[in-house]
Each structure stands twice: as structure tokens, then as C-alpha cells.
Amino acid sequence: MYHVSLDLTANEVTDLRMAALKKQTTVKGFVTDLVRVSLGRQSGKPAAGGGSRERLPAKSKTKK
């Protein structure tokens, strides 16, 4: 666990709360996901638990 104090304006706090609400998560969960995705991009590895992965279409199960 890591604690951080963010320097945000009142409008930015409102925007952050609304963004978390739209994702149906808490502000803590929303920020945690942002950090994980950002760290994953820096390392070139996918972030564990990151919610921004693209979904690939399912493979067709047709018989040949």
C-alpha cells in the first residue's frame, strides 16, 4: 500500500469523482488502475489487473 496526496483543484476533484463513478469504482480504485496502466506502459509489460486491455474476437469453432 502506498499513500499519495494529490494537488488538485476543486474542479479536478469533481472530475476525478465523476470519472470513477462512470467506471463504477472508487476514486482509490480508479487512480490505482491509472497508475498500473502507466507503469505497464513504461515497462513495456501489460499491467496486472489493468482494465484497458483490448478484447480480441473469439476464435471460430468451425470444423474443416
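Rule-based calculations on the coordinates, nothing more; no lab input. The structure presented is a predicted model; accordingly, all values stated were derived computationally and were not measured. Virtual Cβ from ideal backbone geometry, glycine too; neighbours counted across all protein chains shown.
Could you order peptides 16-23, 34-41 by the average number of other Cβ atoms within 10 Å of their residues, highest first?
34-41, 16-23
Could you please report the charge total around VAL27, scoring K, R as +1 and D, E as -1 over all other residues with beta-carbon less than 14 angstrom from its beta-carbon?
After counting each charged neighbour, the total is +1.
From the phi angles alone, apply the Karplus equation (6.51, -1.76, 1.60; θ = phi - 60°) to region 17-34 and give each ³J(HN,Hα) in whole Hz, x where the residue is Gly or Pro.
Rounded to whole hertz, the list is 5, 5, 5, 5, 5, 5, 8, 6, 9, 8, 4, 4, x, 5, 5, 4, 4, 4.
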